Amino acid sequence: MLLNDTIAAIATPPGHGALGVIRVSGADALHIARQVLSPRGDLAPRRAVLAQLADAQGIVDEVVAVYFAAPRSYTAEDIVEITCHGAPVVLRYCLDRLIRAGARLAEPGEFTLRAFLNGRIDLPRAEAVRDLIEATTLYQARVAARQTQGAVSKRVAPAKAQLVDVIAIMEAGIDFAEDDISVAPPGQIAARLAPVIEACQTLARSFDYGRIVRSGFSLAIVGPPNAGKSSLFNRLLNQDRAIVTDIPGTTRDLISETAEFSGIPVRLVDTAGIRDTGEVIERLGVERSLEAMSDADITLVVFDGSAVRGAEDAALLARARGQGRTIVAANKSDLPGFLSQPGEAAVSALTGAGIDDLRQAILGQLGGAAFDDPGGAFITSARHAKLLREAAEMASKAGAAVLSGIPHEMVLLDLYGALHALDEITGATTADDILNKIFTTFCIGK
């Protein structure tokens, strides 16, 4: 990939639309655009100009062109954005003209790559751009938008700065020992590393919730026959998707649909009633129900709160709890004789009573309350979570080593390993950064 080329690409999705946008970025963007367009006014920075896209046979389209001069653009290069009418043939023609005029077809993600390489955005912001584009709910979009503004980088930066402080202290003790610079004792160094470790571990743990926010989760609705699972499934979906009857065993196969709980996508899976049965088709349905329960992120076990529970119900509940996160709902709260046990959600799929509380209980199982702060600084990237765990582990090893009297040269290997892991999230820390920290802290050469 030649990053000094001028690149061009269609920036809007394929297909017909009212409008389509072509983006050109690079040192020759303005020159190339002027060869293709016939503006009625000059392409001054940040001004929309009406122009014509024409060939020897006449006008193909009237377009609007906007020029963004470097560095005040998305890529920090000169950019021209051309808005055409959304006919694919027009967009392809415009792109072809730009390429013939000297532009190169952009590689996937190359505009954002250039924004990163040119210092316009850091890596977490670049990765959040993808999340914003792929968002399917407003909540996902808001979280990604916060991260494009640097929410994750701002949370990582203090830990990284504290880590650089410790490295600076230990480097000073090694490199400038002849200047009689005192180095912090082992206990103080370990104490300085403690908040670094805690910050990295906390952010890494937030990925449990961030993964759910980014990708959604699956909820398997299981229970004995005639507990009202399909009715509850329809109520959570706010539509009649599953067939509901009074006949036990109506549902024989898995039914899945996607809903949204407080902005988080959830794939609801309605299952066959779980019981011992000799009927072949129903037994296959029960097997699939058990598989769905084991595959789901959360299992919603539904019982009929107006009926007496037996040994099969207790066994089902024990199995569900043994496999992971579980919510128990006692359905049919509208019927006489209804009883729910402590810790269970009392609901009525018929009237809708308790459904909102059930949704909140389900979301509570995801642990979002600890991480869903207004800054949206929880981790949504598996790569970031892995690097944060590595940084915490390396910093922990360094803390234990310094307390054990290990030479500082060896301890620094672990500290630099932790710093390298954080660098892969936020961007590289150069040797000059460490050196500058040493001089400003200890006033070397005064």
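Might you let me know whether segment 15-28 holds any residue that is among the hydroxyl-bearing types (S, T, Y), at pLDDT 85 or above and not in a loop (DSSP other than H, G, I, E, B)?
yes
Which of the following residues is modelled with pLDDT under 85 and either in contact with a Leu (Cβ under 6 Å, 6 or more places away or on another chain) or buried (at least 20 other Cβ atoms within 10 Å of the Cβ) (or both): I121, I133?
Among I121, I133, only I121 is modelled with pLDDT under 85 and either in contact with a Leu (Cβ under 6 Å, 6 or more places away or on another chain) or buried (at least 20 other Cβ atoms within 10 Å of the Cβ) (or both).
Of all residues in segment 202-217, which are modelled with pLDDT of 90 or more and surrounded by fewer than 18 Cβ atoms within 10 Å (Cβ to Cβ)?
Listed by number, the list holds a single entry, T202.
Give me the residue from segment 100-118 that is in contact with a helix residue (DSSP H, G or I) (Cβ under 9 Å, 6 or more places away or on another chain) and in a helix (DSSP H, G or I) and, out of that set, surrounded by the fewest Cβ atoms within 10 Å (Cβ to Cβ).
R100
Does A141 satisfy the criteria of being free of Cβ contacts under 8 Å to residues at least 24 places away in the same chain and within 19 Å of S262 (Cβ to Cβ)?
Here the answer is yes, as A141 does meet what is asked.
To keep it simple, each residue is scored yes or no on (1) among the hydroxyl-bearing types (S, T, Y); (2) touching a helix residue (DSSP H, G or I) at 6+ places or on another chain (Cβ under 8 Å); (3) modelled with pLDDT of 50 or more.
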site	(1), (2), (3)
N238	no, no, yes
T245	yes, no, no
S256	yes, no, yes
G263	no, yes, yes
L268	no, yes, yes
A272	no, yes, yes
G278	no, no, yes
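Given the criterion touching a residue at least 24 places away in the same chain (Cβ under 8 Å) and among the hydroxyl-bearing types (S, T, Y), identify the matching residue among S38, S25.
S25
Collect the residues in segment 303-347 that are part of a loop (DSSP other than H, G, I, E, B) and hydrophobic (A, V, I, L, M, F, W, C), keeping them in residue-number order.
Scanning segment 303-347 gives A307, V308, L335, F338, L339, V347.
Identify, please: which residue in segment 54-96 is acidic (D, E) and in contact with a helix residue (DSSP H, G or I) (Cβ under 6 Å, 6 or more places away or on another chain) and is, among those, surrounded by the fewest Cβ atoms within 10 Å (Cβ to Cβ)?
D61
Yes or no, residue by residue, for (1) out of contact with any Gly (no Cβ under 7 Å at 6 or more places or on another chain); (2) over 30 Å from D423 (Cα atoms):
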residue: R72; (1), (2): yes, no
residue: L95; (1), (2): yes, yes
residue: L113; (1), (2): yes, no
residue: E127; (1), (2): yes, no
residue: A151; (1), (2): no, no
residue: V156; (1), (2): yes, no
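The values are calculated or read from the model by the stated rules, or taken from the named source; none is laboratory data. Model, not experiment: these values are computed from the prediction. Neighbour counts are summed over all protein chains in view; Cβ atoms, including those assigned to glycine, are modelled from backbone coordinates with ideal geometry.
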